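Heads up: the structure comes next, in structure tokens.
Just so you know, all these numbers are worked out from the coordinates, no wet-lab data involved. Computed from a predicted structure; not experimentally measured. All Cβ positions, even for glycine, are placed from backbone atoms using ideal geometry, and neighbour counts span all protein chains on display.
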């Protein structure tokens, strides 16, 4: 969720040096966290605690520019000796794996093996099993030589897939596969030769591509984030087929734009109960601390979610004032509004049996953390309760926190989340280069 346009003004070296000098002069003397604790629906990391429920509505949204646009990137540090992720009572957190190279999306194969995208290295890694200490029993490199891989999916659906699909930043490829394979049994095959690639914004973002298949296996969905923060998409080649979820056949033929106006749908997943496609979205930046909320929502086929001209059910972005009035009534409001600038990444539906029954079918999502907020928010894993009805009612709950020190220093950044075969939850963390395991032991 990074908001500096590729077409922003070119700043000369002298001006840039002056700006940096002013920035550091102002910030060097400030404490890490000096703002009062937030109250109401908008919270920062200090208000994140396992079990705390939050709900933001459209009526809560402030006017644009109610606060200045902040530049507050994570100050990454090594995990302090006394720091550990915190989960609700009855849950246990273990370090499953560490010393990884940019661990990002993670998916569980029907066999129970765990497939991990190490995006920077261009690698798909496989972990097998969980020993008595919560560690993997086996680890192998499945494939190498990929281009910023992120999304992973198994096809056909069911217990006996024949292919592992991988979304590079600019293509979709697949590898022949049989259950139990720890290494690809053949070379990659190109499925979609060209996707809009890259789009690395401030701090890195919008290069990820995720994949999911429809329940009947006839459709392949690919998510593609915008190239910019909020550039006008009209007659703009850089935004062609971006801020969209695209639909293809499993063989790679383009079918249609499944849904549009979704600024950066980083994570997509199909609800196994309803068959609906859902997405986890990074919304736009630079309108203030509390705009615009990130969100998690089911995706309406053919739906338009507003980017870049509108947000949250027809609120016009002031940077595009007066444009496309005919679209205002068509903008859909997402199901669950998250804290603005959360950077919501991978999501999954809980289908295990280890957690208490009230967790069945709920959503877990990784919140990578903000940069465009004066006091940081996110850096956690959240739960979206669906109340065994397969539908959200707007609230979300802090589930796994503790990745930020009380002083505001960041040591961990959740990215991916998946359910292991034993029902525990596994979370990738590209800040500490780790995978965390959360299991339930009872209260």
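With viscosity set to 0.890 mPa s and temperature to 25 °C, compute the Stokes-Einstein D of the range 313-443, Rh being the Kirkwood radius across alpha carbon pairs; µm²/s, no decimals. It comes out at roughly 149 µm²/s. Protection proxy ranking of 130-141, 83-94, 246-257, 362-373, by the mean of other Cβ atoms within 10 Å over each peptide's residues and highest first, is 362-373, 83-94, 246-257, 130-141. The alpha carbon convex hull volume per residue for the range 59-133 rounds to 258 Å³. For the chain, the spread of Cα positions along the three principal axes, ordered from largest to smallest, is 56, 51, 47 Å. Helical content alone sets the calculated 222 nm signal of the chain at -1000 deg cm²/dmol, taking -39,500 (n - 2.57) per DSSP H segment of four or more residues and averaging over every residue. Comparing mean-square fluctuations of 343, 377, 392 from a GNM of the chain with C-alpha springs under 10 Å, the top value falls on 392.
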